[in-house]
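Attaching a single structure in structure tokens format; questions to follow.
The values are calculated or read from the model by the stated rules, or taken from the named source; none is laboratory data. Predicted model only: the values in this text are computed from it and were never measured. Glycine gets a Cβ as well: all are built from the backbone with ideal geometry, and neighbour counts include every protein chain shown.
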Amino acid sequence: MEPGVRGGRHVAPARPGPFHRRPTPPHARFQRRHQELTGPPHHDWTFMPQPRRILIVGAGIAGLTLANALRDTDAEIRLVDIDSRPIGSGVGLSGNALRALDAHGLLQPVLAGSSLSMHLHMCEADGTTLVYSERPQPEGQPYPDNVVLSRKVLADILLGSLIERGITVQDGVTITEVRQAGDQVITDFTDGESGTFDLVVGADGFNSLIRRRVFGEEFRTGALGQAGYRWLTMGIPSITHGRMYLGADGLKLGLYPLPGNTIYAFVTKPNGRIVRGSDRLVRTEMIEALKQFTFPEAARIRADLPPSNEIHFGPFSAFLMPAPWYRGRVVLIGDAAHVMPPHGSSGAAMAIEDAHVLAEELKQHSCVEEALERFMGRRFRRTQRAVRQSVRQCLAENAADGTGLESPPTIDPAEAKEYWEYLREPI
Ligand SMILES: Cc1cc2nc3c(=O)[nH]c(=O)nc-3n(C[C@H](O)[C@H](O)[C@H](O)COP(=O)(O)OP(=O)(O)OC[C@H]3O[C@@H](n4cnc5c(N)ncnc54)[C@H](O)[C@@H]3O)c2cc1C
């Protein structure tokens, strides 16, 4: 393996010793002098130190976006991930996610790697259209309202723009201990190192270790009774835009063309009908599930199924961390704070928005506590709405399980439109 690269990712070289402190910044010297003259500040936030050493645990969509959003500051950023290979195959990014990425110079590369996905098209199993609803680019909005891209492409873009700033991911590393001491957080890592940080960000996904360690084991996700299978397959000329096909008993197949003659395919199944065998059976299970689809391209999708180890399986769950998502100098973002099923296509978008808002507040407020409080004020209601919307759609599909309905309850286009409009609101 090439030194410094693991799993296709750049890996930071092993550090020689404890995480080094930066030299005292000028504003801290000014603060000290000010305190000598006036005594300790009483809730005078102006002179609180800025967070200069930031540990981000988790280099997924939230963690990488945050590192990007802070790359124009002088913050010392350490990014660790237990296994940073992106999970799953494709991801849809709504306009609000693109807006947040645009604020950090990431819009153009993301658009270049994406396909437009500007409507909701739902079909019967035989291909007959059930719902067709446009999602036009609103006037004056300089980015589309929805795109789809490969998760690996997104991760490479987010990672690539960090290299120039010298930020890399320490892959295969996580924390073993987190202790708060005043306004600092001391962490021990699995590579034997320790570090002292002004802020620790838990961006470690739906099963967040940071959440469990710092907030408690009681904050857990709840299963929704549905699961997804995702894979990439060869492009088909007649599949020119994203479509979903509804089968019996809540089963749904989605096909979204990606750049590079590829299709992002997924199947969602109510759990009652999921029998997850050993990994090698996943492909067989999918071939069986896909037999009920009779639209012209269905046979080709079935024939081109990749081996089981290239089909990502995962049960859907939901969770919303009660506010505040911070304890002292440790804060959660992305799936660590809120988990939703993919039905609203919003989990990644909310993770990106969290990262953007947190960075914005940290840049605007030298007092970390104030920044965290303001971050929380801007994020709770919005993510609550996204979780509710996605869960509602997921449960509506589950309701069809066992009824044998050919066309199970589906997304109401008017409701979808209202949600898209909500997403466009300023954050
Ligand atoms: C089937 C499916 C389809 C989806 N489709 C969409 C979609 O189209 N659009 C959309 O907006 N959202 C979608 N989502 C949701 C979206 O994938 C997530 O909301 C998003 O990935 C959250 O980003 P994150 O960075 O918070 O978490 P993740 O992307 O999960 O990243 C977490 C990172 O933390 C790392 N990590 C975990 N534990 C540790 C640890 N202990 N120490 C260090 N690192 C750790 C992981 O290795 C990972 O790299 C979908 C979800 C599913 C399940």
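Which one of these is surrounded by 22 or more Cβ atoms within 10 Å (Cβ to Cβ), assigned to a loop (DSSP other than H, G, I, E, B), within 12 Å of the ligand (Cβ to nearest atom) and not β-branched (V, I, T): A67, A97, A59?
On the way: A67 fails: assigned to a loop (DSSP other than H, G, I, E, B); A97 fails: assigned to a loop (DSSP other than H, G, I, E, B).
None of the others qualify; the one that does is A59.
Do any residues in the range 222-250 that are free of Cβ contacts under 8 Å to residues at least 40 places away in the same chain have Cβ atoms under 7 Å from those of residues that are more than 15 Å from the ligand (Cβ to nearest atom) and part of a loop (DSSP other than H, G, I, E, B), where the two are at least six apart or on different chains, and which pairs are they?
G235/N261
OK, next. Determine, yes or no, whether S117 is small (G, A, S) and at pLDDT 90 or above.
Yes; evaluated as a whole, the condition is true for this residue.
Pick from the range 108-117 the residues that are within 30 Å of Y245 (Cα to Cα) and buried (at least 17 other Cβ atoms within 10 Å of the Cβ): which of them is nearest to the ligand (Cβ to nearest atom)? So that I can check it myself, show each step before the final result.
Keep residues of the range 108-117 that are within 30 Å of Y245 (Cα to Cα), which gives 110-117.
Narrowing the set further to residues that are buried (at least 17 other Cβ atoms within 10 Å of the Cβ) leaves 110-111, 113-115, 117.
Working: V110: 13, L111: 16, G113: 15, S114: 12, S115: 13, S117: 9 Å.
Filtering the range 108-117 for residues that are within 30 Å of Y245 (Cα to Cα) and buried (at least 17 other Cβ atoms within 10 Å of the Cβ), the one nearest to the ligand (Cβ to nearest atom) comes out as S117.
While we're looking at this one, here's another question. Quick one: E177 ticks every box in (1) acidic (D, E); (2) more than 15 Å from the ligand (Cβ to nearest atom); (3) in contact with a Ser or Thr (Cβ under 8 Å, 6 or more places away or on another chain) except a single one, so which number is it?
It fails just one condition, (2).
Return the residues of the range 305-346 that are within 21 Å of I263 (Cα to Cα) and either in contact with a His (Cβ under 8 Å, 6 or more places away or on another chain) or without any contact (Cβ under 8 Å) to a residue 24 or more places away in the chain (or both); say none if nothing qualifies.
Result: no residue meets the conditions.
Does the range 137-148 contain at least one residue that is closer than 21 Å to G63 by Cα, outside any strand (DSSP E or B), aliphatic (A, V, I, L, M) and modelled with pLDDT of 95 or more?
Looking through the range 137-148, none of the residues is closer than 21 Å to G63 by Cα, outside any strand (DSSP E or B), aliphatic (A, V, I, L, M) and modelled with pLDDT of 95 or more.
From V153, V131, V148, grab the single residue that is under 30 Å from R78 (Cβ atoms) and either buried (at least 21 other Cβ atoms within 10 Å of the Cβ) or of a type outside the set (S, T, N, Q) (or both).
Being under 30 Å from R78 (Cβ atoms) and either buried (at least 21 other Cβ atoms within 10 Å of the Cβ) or of a type outside the set (S, T, N, Q) (or both) holds for just one of V153, V131, V148, which is V153.
Another question about this same structure. Looking at (1) near the ligand (Cβ under 9 Å from one of its atoms); (2) at pLDDT below 95; (3) more than 25 Å from R211 (Cβ to Cβ), which is the only condition G88 fails?
Against the list (1) near the ligand (Cβ under 9 Å from one of its atoms); (2) at pLDDT below 95; (3) more than 25 Å from R211 (Cβ to Cβ), G88 comes up short only on (3).
Right, here's the next one. Do any strands (runs of 3 or more DSSP E) lying entirely in the range 165-257 carry at least 3 residues that are in the same structural domain as D304 (by TED's automatic domain parsing), and which ones are they?
222-234, 243-246
Look through T233, T196, T240 and report the one residue that is in contact with a helix residue (DSSP H, G or I) (Cβ under 9 Å, 6 or more places away or on another chain) and of a type in the set (S, T, N, Q).
T233
Could I ask something else about it? Any residue at all in the range 315-322 that's away from the ligand (no atom under 14 Å from the Cβ) and modelled with pLDDT of 90 or more?
yes
Where residues in the range 289-314 are within 16 Å of the ligand (Cβ to nearest atom) and among the hydrophobic types (A, V, I, L, M, F, W, C), which of them is farthest from the chain's Cα centre (by Cα)?
Residue satisfying both the conditions and the ranking: A289.
Return the only residue of Q137, Q141, Q184 being more than 14 Å from the ligand (Cβ to nearest atom), surrounded by fewer than 22 Cβ atoms within 10 Å (Cβ to Cβ) and free of Cβ contacts under 8 Å to residues at least 60 places away in the same chain. Steps first, please.
Details: Q141 fails: free of Cβ contacts under 8 Å to residues at least 60 places away in the same chain; Q184 fails: free of Cβ contacts under 8 Å to residues at least 60 places away in the same chain.
Exactly one residue qualifies, and that residue is Q137.
Could you tell me which residue of the range 70-85 is farthest from L199 (Cα to Cα), considering only residues that are surrounded by fewer than 23 Cβ atoms within 10 Å (Cβ to Cβ) and within 13 Å of the ligand (Cβ to nearest atom)?
R85
Taking into account only those residues within the range 335-361 that are part of a loop (DSSP other than H, G, I, E, B) and at negative phi, which is nearest to the ligand (Cβ to nearest atom)? Before the answer, list the steps.
Within the range 335-361, the first condition is being part of a loop (DSSP other than H, G, I, E, B), and the residues that meet it are 337, 340-341, 345-346.
If we keep only those that are at negative phi as well, we get 337, 340-341, 346.
Values: A337: 8, M340: 7, P341: 7, S346: 5 Å.
Within the range 335-361, the match that is nearest to the ligand (Cβ to nearest atom) is S346.
Scan (1) without any contact (Cβ under 8 Å) to a residue 40 or more places away in the chain; (2) within 29 Å of T196 (Cβ to Cβ); (3) within 16 Å of the ligand (Cβ to nearest atom) for the single condition Q364 breaks and write down its number.
(3)
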